[in-house]
Amino acid sequence: MHHLLLSISIQELSAQYFKNQFNQVALVRYIFLMIGLLGIAWSQTNCNLSISGKIVSDADRDKMCFADIVIKETGKGTAANEEGYYSFNNLCTGKYTLVCTHVGYFTQEITIELKENTIYDFYLKENEVELHGFTLEEHDDKVELSQTKYTMEGAHLDKNRGATLGESLKRITGMYTLNTGNSISKPVLHGMHSKRLLILNNGVRQEGQQWGQEHGPEIDAFVAKKITIVKGSSSVRYGSDAIAGVILVEPAAIIAPPGIRGDLYLSGNTNGFGGAGSLMLEGSFKKLSALSWRIQGSFRKSGDVATPGYYMANTAMEEYNFSTGLGYYKEKAGFELFFSMFHTKLGIFSASHFGNLTDLQNAINSPQPLIIRDFSYDIDRPYQDITHYMAKGKAYVKTGQKSKLEFTFAFQENRRKEFDSHGSLNEDPSLFFILQTVTGEVNWQHSFHKKLKGALGISGLYQTNRWDGFFFIPNFRNVNGGVYWYENLKLGHWDFEAGIRYDISSLQAYMYVNNVYQDPAFLYHNISANVGTIFHLNDHFTARANYGLAWRPPHISELYSNGLHHGSASYEIGDSTLLPERAHNVNLSANLNFSRFKLELTGYYYYIQDFIYLKPTLEPVLTIRGAFPGFQYTAGDVDIKGVDVDMDVLLTKRFVWSSKTSLLWAWNYTQKDFLINMPSYRFDNELSYQFKDTKTMKGPYISANLLVVTRQSMVPANSDYAAPPDAYFLVGLSAGVDFLIKKVQTISVSLTVANLLDTPYRDYLNRFRYFSNDMGRNVVLKLKIPLEFSSYKKLKKTK
Amino acid sequence: MNMKKFAFIKIALVASIVSIILWSCDPTDPNNPNEGEVITSLRITAISGSDTVSFAYSDPDGNGGNPPAIDTAVLATSTVYNVTLELIDETKNPDDTLTSQILAEGIDHQFFFSMTLSLNLMSAYADLDANNNPIGLSNTWTTTTASTGSVIITLKHQPGIKPASPGDILVGETDIEVTFPVRIE
């Protein structure tokens with residue numbers, strides 16, 4: 001029987017050889033091969049061998065269920081199971097060529113010299129020649145959400161890499177950024193940011209000093225392999241305060257092939273003459289392939305940013321990051337350890353520091369900033385110096401066929417130093433906060449029935465804050481606990497989901513008020529809920545509806561801020577009588593998906609009671625250093641509604657038109673006026689041309705895009721120091737290609753030109769719009785070089 | 001998954017929670033914001049013979065809180081005054097004067113006096129720092145005819161960048177910027 005099998009395979013092989021490559025060399029090779037195979041056949045007749053392993057996506061380490069895998073020699077084929085595992089049994093010793101294919105991925109071939117039972121894992125690389133628009137994907141192990149979800153990964157994410165996290169996300173419909181100059185950009189979703197837009201970094205709530213409008217997220221965007229935006233209240237799963245939605249920043253799971261591999265990203269930009277780079281290495285051990293490690297470091301450095309006509313003085317920045325992790329994954333149980341350090345030093349635009357309101361008026365009236373200097377890499381006062389550490393441990397245990405118990409435990413420390421431009425001569429910061437946070441979660445994913453899956457969990461948070469320097473927010477201790485439960489039921493075309501969560505939060509502040517010690521305490525508790533449905537008509541049409549109920553206790557800064565905010569030259573005043581916010585959110589979306597046309601339409605409505613916002617006091621706050629614009633934390637009942645439209649149209653075989661539209665309206669019922677600081681209408685249209693692939697070039701494209709941002713006319717009357725800036729339009733260009741070297745190595749290159757026409761413009765959501773134009777033309781060149789070393793390479797070369 | 005491993009995870013979890021809580025810093029002992037140096041008041045004394053005029057900007061509770069009190073200066077016509085400036089931190093007990101500190105760091109500081117056009121008042125420096133540049137803690141003010149207007153007194157911190165006499169108000173960062181209404185009668 002063994003011999004029969006062998007002879008069949010040899011016959012097949014010989015047929016192939018004779019048909020395709022009948023020449024002398026092939027003949028000699030063929031004879032040798034035959035002799036070799038016969039030799040093996042004679043010497044060993046073990047035919048109980050197996051080849052097995054898993055098939056995962058190289059980009060995000062998601063298991064690739066139902067990938068096809070064929071042994072060339074025998075023609076025997078199989079598909080990976082739901083968990084992404086495949087196996088071939090009853091194989092004889094010999095040489096086998098395995099071909100693994102999956103839609104949307106490059107086909108991979110591997111030749112294995114089979115002598116003993118062998119495990120080989122496939123890491124499929126994404127074939128990026130497809131519409132790089134939105135992808136709505138369904139996780140096998142996660143419950144699908146009825147909110148709209150947008151995922152950025154692979155080539156699409158690489159295209160936006162090298163910038164800050166906020167900037168990388170800006171191209172997502174419904175996303176905006178709240179900028180402080182060009183170095184600090186805070187993600188804004190549907191007009192909401194900071195505490196209302198939760199960022200989950202590697203599965204852990206990012207806990208920095210998020211309350212500040214000029215405090216960007218302390219996350220290295222290079223670590224992310226995948227960034228997902230969940231639009232709409234997602235409080236049940238992620239925390240009661242996820243009112244606007246959630247940004248999930250996910251590194252690839254630490255599952256690496258044996259040997260060492262890595263990724264090198266390099267980018268350079270002309271505006272600010274800056275550069276960024278990231279090197280990641282990962283691997284696993286031959287003897288213990290379930291254990292993988294990863295180490296990654298990155299840097300970014302840029303000088304003063306240029307606007308059309310002048311440099312913005314003191315806008316240089318530098319950033320250094322490091323992360324490392326260890327993962328041990330088995331089918332039954334596993335764990336992951338992760339540590340990261342983020343460090344940045346950001347110059348704050350000199351001209352944004354002014355003495356009093358007259359100076360502010362002068363600055364606003366001046367067509368260009370009052371302080372202009374030549375280009376420099378120097379970071380002078382005022383500047384921010386921020387370090388964020390995170391250590392995380394995660395473990396899972398399978399508790400049944402489809403159920404899993406997960407433990408996550410993390411520690412974060414955030415050190416924010418702000419150096420005022422006229423601090424003392426010694427190097428003490430004017431403001432210094434140390435925020436320490438411990439978070440823990442136990443999550444039980446379960447499936448009681450084939451059609452019913454869900455999760456049950458508890459989460460906790462313990463946080464302390466200490467300050468030094470000038471007073472801005474008091475010391476505090478914050479303890480939170482939450483319990484949640486959600487289920488998802490699949491019934492034919494319909495998916496139904498429902499979830500509920502209860503949170504209790506205790507907050508105690510410690511401070512001196514006029515030399516008197518005070519420690520006021522607050523206790524908040526409430527319920528959050530989510531109900532939703534998904535209707536899958538067929539592959540072409542999906543509709544979603546979701547209602548979310550969320551709440552958010554006021555942050556300490558909203559209760560007790562009192563001080564000059566150096567980063568923004570404003571005086572902020574808290575209100576200790578503020579109540580928690582209560583948000584109701586309805587999301588409706590429809591998704592059309594045809595080969596030549598994709599459309600996603602999302603409509604959203606938020607009604608938020610006691611919405612807390614900074615309201616300009618109009619009367620400036622007079623200090624001995626002059627008058628400063630004052631902002632008072634105030635609550636009001638507001639609604640925010642809008643429409644996001646995403647569309648991809650394949651105009652011809654190679655021309656793609658991508659269109660993104662975000663429209664938003666916000667109203668303050670308490671003030672009977674518009675809500676301040678809301679993004680205006682935004683239209684982003686891109687036309688790209690995809691060239692034919694060649695042997696060495698995959699997915700070459702060029703594209704041009706036009707961004708139109710209207711003037712924000714819906715602003716409260718007499719509430720701002722300057723009228724909202726005019727509408728603007730920006731033209732951009734980009735081009736990219738993957739060079740395929742020796743069929744294994746890919747080098748991705750892309751070139752983008754932002755603000756091609758060097759258009760002077762100011763954005764309503766840039767806090768420096770009073771003082772300066774926004775960034776001028778910027779040419780960015782990016783390179784991504786995957787690195788493959790040692791046995792991984794050898795295995796591949798055997799083909 | 002056996003119970004042993006479970007117990008281990010539990011112990012590790014509890015141990016790490018306890019150790020981190022013990023190690024994390026204690027917020028219950030906050031800084032007193034008034035411990036640092038704060039300039040709360042600027043007092044000005046103008047002397048001409050036996051005639052003494054005093055006026056002040058004072059904000060004893062510091063920034064925020066109660067608004068500051070600003071006096072109007074009433075000066076005589078055609079008079080020469082010796083004017084001295086005093087910086088006070090009233091959040092301390094007893095009040096702390098920061099004047100000597102400015103004097104000691106004279107090479108890094110300079111006061112500027114600007115008058116509204118309607119006001120018939122001239123100011124001249126009457127002190128020098130180690131580099132023979134004016135500081136402005138002592139000055140000579142000369143009035144002419146009756147008029148009203150205001151004096152803006154600005155203290156600039158110019159560490160290592162203080163320009164030579166007569167100085168430059170555009171250099172450095174503002175430590176003090178106070179506007180006094182002035183009446184000459």
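The values are calculated or read from the model by the stated rules, or taken from the named source; none is laboratory data. A quick note: this is a predicted structure, and the numbers were derived from the prediction, not measured. Ideal geometry is used to build each Cβ from the backbone, glycine not excepted, and the neighbour counts take in all protein chains shown.
How many of the residues making up the stretch A:414-429 are modelled with pLDDT of 90 or more and surrounded by fewer than 20 Cβ atoms within 10 Å (Cβ to Cβ)?
1
Report yes if A:Gly532 is assigned to a strand (DSSP E or B), surrounded by 19 or more Cβ atoms within 10 Å (Cβ to Cβ), touching a helix residue (DSSP H, G or I) at 6+ places or on another chain (Cβ under 7 Å) and in contact (Cβ under 8 Å) with a residue 40 or more places away in the chain, otherwise no.
No, not satisfied.
For residues that are without any contact (Cβ under 8 Å) to a residue 40 or more places away in the chain and farther than 25 Å from A:Ser234 by Cα, tally how many sit in the stretch A:572-605.
Summing the residues that are without any contact (Cβ under 8 Å) to a residue 40 or more places away in the chain and farther than 25 Å from A:Ser234 by Cα in the stretch A:572-605 gives 1.
Can you tell me which residue in the stretch A:85-116 is nearest to the chain's Cα centre (by Cα), limited to those that are touching a residue at least 24 places away in the same chain (Cβ under 8 Å), under 21 Å from A:Thr746 (Cβ atoms) and not in a loop (DSSP other than H, G, I, E, B)?
A:Tyr105
Looking only at residues in the stretch B:1-30 that are crowded, with 19+ Cβ neighbours inside 10 Å and modelled with pLDDT of 70 or more, which one is farthest from B:Thr142 (Cα to Cα)?
B:Pro27
Of A:Asp693, A:Asp726, A:Asp738, which residue is of a type in the set (D, E, K, R) and modelled with pLDDT of 90 or more?
A:Asp726
Identify the residue in the stretch A:443-469 that is of a type in the set (D, E, K, R) and facing chain B (nearest Cβ under 9 Å) and, among all such residues, is surrounded by the most Cβ atoms within 10 Å (Cβ to Cβ).
Here the residue is A:Arg466.
Assigned to a loop (DSSP other than H, G, I, E, B), out of contact with any Lys or Arg (no Cβ under 8 Å at 6 or more places or on another chain) and within 14 Å of chain A (Cβ to nearest Cβ), is that true of B:Gly160?
Here the answer is yes, as B:Gly160 does meet what is asked.
Please go through the stretch B:107-124 and pick out each residue that is in contact (Cβ under 8 Å) with a residue 24 or more places away in the chain and away from chain A (no Cβ under 14 Å).
Selection gives B:Phe113, B:Met115, B:Leu117, B:Ser118, B:Leu119, B:Asn120, B:Leu121, B:Ser123.
Can we say A:Pro258 is assigned by TED's automatic domain parsing to the domain that holds A:Asp610, more than 26 Å from A:Val531 (Cα to Cα) and at pLDDT below 90?
Here the answer is yes, as A:Pro258 does meet what is asked.
Under 7 Å between Cβ atoms, which residue pairs at least 6 apart in sequence (or on different chains) link something in the stretch A:292-306 that is more than 20 Å from A:Arg381 (Cα to Cα) with a partner that is of a type outside the set (A, V, I, L, M, F, W, C) and outside any strand (DSSP E or B)?
From the stretch A:292-306, the pairs are A:Ser298/A:Asp220.
With the condition kept exactly as written, say whether any residue in the stretch B:49-64 is within 14 Å of chain A (Cβ to nearest Cβ), out of contact with any Asp or Glu (no Cβ under 6 Å at 6 or more places or on another chain) and among the hydrophobic types (A, V, I, L, M, F, W, C).
No, because not a single residue in the stretch B:49-64 is within 14 Å of chain A (Cβ to nearest Cβ), out of contact with any Asp or Glu (no Cβ under 6 Å at 6 or more places or on another chain) and among the hydrophobic types (A, V, I, L, M, F, W, C).
Evaluate the stretch A:270-278: report whether one residue or more is closer than 30 Å to A:Asn587 by Cα, polar (S, T, N, Q) and in a loop (DSSP other than H, G, I, E, B).
no
Condition test on A:Thr439, is it β-branched (Val, Ile, Thr) and in contact with a Phe, Trp or Tyr (Cβ under 9 Å, 6 or more places away or on another chain)?
Spelling it out, A:Thr439 is indeed β-branched (Val, Ile, Thr) and in contact with a Phe, Trp or Tyr (Cβ under 9 Å, 6 or more places away or on another chain).
Answer yes if at least one residue in the stretch B:126-134 is surrounded by 20 or more Cβ atoms within 10 Å (Cβ to Cβ) and within 14 Å of chain A (Cβ to nearest Cβ), and no otherwise.
No, the conditions are met nowhere in the stretch B:126-134.
Is it fair to say A:Gly393 is without any contact (Cβ under 8 Å) to a residue 40 or more places away in the chain and more than 30 Å from A:Phe349 (Cα to Cα)?
Spelling it out, it is not the case that A:Gly393 is without any contact (Cβ under 8 Å) to a residue 40 or more places away in the chain and more than 30 Å from A:Phe349 (Cα to Cα).
Check B:Thr91, B:Thr154 and return the single one that is within 14 Å of chain A (Cβ to nearest Cβ), within 19 Å of B:Arg43 (Cβ to Cβ) and either out of contact with any Phe, Trp or Tyr (no Cβ under 6 Å at 6 or more places or on another chain) or not in a strand (DSSP E or B) (or both).
From the options B:Thr91, B:Thr154, the qualifying one is B:Thr91.
Considering A:Lys225, A:Lys170, A:Lys195, A:Lys186, which residue is more than 28 Å from A:Pro553 (Cα to Cα), charged (D, E, K, R) and outside the structural domain of A:Pro251 (by TED's automatic domain parsing)?
From the options A:Lys225, A:Lys170, A:Lys195, A:Lys186, the qualifying one is A:Lys225.
Regarding the stretch A:627-637, can at least one residue be identified that is surrounded by fewer than 17 Cβ atoms within 10 Å (Cβ to Cβ), more than 14 Å from every other protein chain (Cβ to nearest Cβ) and in contact with a Phe, Trp or Tyr (Cβ under 9 Å, 6 or more places away or on another chain)?
There is at least one residue in the stretch A:627-637 that is surrounded by fewer than 17 Cβ atoms within 10 Å (Cβ to Cβ), more than 14 Å from every other protein chain (Cβ to nearest Cβ) and in contact with a Phe, Trp or Tyr (Cβ under 9 Å, 6 or more places away or on another chain).
Among the listed residues A:Glu572, A:Glu558, A:Glu487, which satisfies the condition of being surrounded by 15 or more Cβ atoms within 10 Å (Cβ to Cβ) and not in a strand (DSSP E or B)?
When all the criteria are applied, what remains is A:Glu558.
Which fully enclosed strands (runs of 3 or more DSSP E) of the stretch A:672-750 have 2 or more residues being touching a Lys or Arg at 6+ places or on another chain (Cβ under 7 Å) and either in the same structural domain as A:Phe122 (by TED's automatic domain parsing) or free of Cβ contacts under 8 Å to residues at least 12 places away in the same chain (or both)?
So the answer is none; nothing clears 2.
Where residues in the stretch B:167-185 are part of a loop (DSSP other than H, G, I, E, B) and touching a strand residue (DSSP E or B) at 6+ places or on another chain (Cβ under 8 Å), which of them is nearest to the other protein chains (Cβ to nearest Cβ)?
In this case the residue turns out to be B:Gly172.
Considering only the stretch A:201-218, how many residues are farther than 17 Å from A:Tyr389 by Cβ and surrounded by fewer than 24 Cβ atoms within 10 Å (Cβ to Cβ)?
2
On the given criteria, is A:Leu564 of a type in the set (A, V, I, L, M, F, W, C), more than 14 Å from every other protein chain (Cβ to nearest Cβ) and either under 19 Å from A:Gln632 (Cβ atoms) or in a loop (DSSP other than H, G, I, E, B) (or both)?
Against the criterion (of a type in the set (A, V, I, L, M, F, W, C), more than 14 Å from every other protein chain (Cβ to nearest Cβ) and either under 19 Å from A:Gln632 (Cβ atoms) or in a loop (DSSP other than H, G, I, E, B) (or both)), A:Leu564 does not qualify.
What is the number of the single condition among (1) under 24 Å from A:Val749 (Cβ atoms); (2) crowded, with 20+ Cβ neighbours inside 10 Å; (3) more than 26 Å from the chain's Cα centre (by Cα) that A:Thr623 does not meet?
Tallying (1) under 24 Å from A:Val749 (Cβ atoms); (2) crowded, with 20+ Cβ neighbours inside 10 Å; (3) more than 26 Å from the chain's Cα centre (by Cα), A:Thr623 fails exactly one: (1).
Would you be able to tell me the number of residues in the stretch A:490-527 that are assigned to a strand (DSSP E or B), away from chain B (no Cβ under 12 Å) and out of contact with any Lys or Arg (no Cβ under 6 Å at 6 or more places or on another chain)?
20
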